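Some notes on the structure that comes next.
We did not get these values from a lab; they are worked out from the coordinates using the rules stated. Predicted, not measured: the structure shown is a model, and the values here were computed from it. So basically every Cβ, Gly included, is an ideal-geometry build from the backbone, and we count neighbours across all protein chains shown.
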Amino acid sequence: MQNTNQHLLDFVYFAIYNIRMLVAFADIEGFDWDWANVEKNLTKHGVRRQEVEEVFQDLDKCFYDDLKHSTQAETRSAVTGKSHSGRLLTIFFTVRRNKIRAISARDSSRKERQLYEEAFNSTKI
């Protein structure tokens, strides 16, 4: 029973966090590209800049905190979603002056895929 309750609490937190992020994104004015990161994402992970933008357009995208890389000076987040071609990607980013600054973009890990699929399936009736 406790495992079920914890799962429910995790889902509620996840849903509230995603709603909060969607509200925060109402003021976003676009992207602020670091061209070194764009090149790194393409060379190392095969992810094009356009695909990064497409993930943020995915209606089923899932946001979560990147506590490992956040500092007091800069909060970092991650989003997992699909590009228009259906590729499931995870993007690590920060927001600076109302613009998304993508730091890293790569194919989603097994755990990120599982979280995305669980969130996606739990929102479908």
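Here are some notes:
- Residue within region 94-106 that is in contact with a His (Cβ under 7 Å, 6 or more places away or on another chain), on the phi < 0 side of the Ramachandran plot and not basic (Lys, Arg) present: yes
- Spans of helices (runs of 4 or more DSSP H) in region 24-125 with at least 3 residues aliphatic (A, V, I, L, M), surrounded by fewer than 17 Cβ atoms within 10 Å (Cβ to Cβ) and touching a Cys at 6+ places or on another chain (Cβ under 6 Å): none
Residues are listed down the side, and each one gets a yes or a no for (1) among the charged types (D, E, K, R); (2) free of Cβ contacts under 8 Å to residues at least 12 places away in the same chain; (3) under 25 Å from Trp35 (Cβ atoms):
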site: His69; (1), (2), (3): no, no, yes
site: Gly81; (1), (2), (3): no, no, yes
site: Ile103; (1), (2), (3): no, no, yes
site: Lys111; (1), (2), (3): yes, yes, no
site: Gln114; (1), (2), (3): no, yes, no
site: Ala119; (1), (2), (3): no, no, no
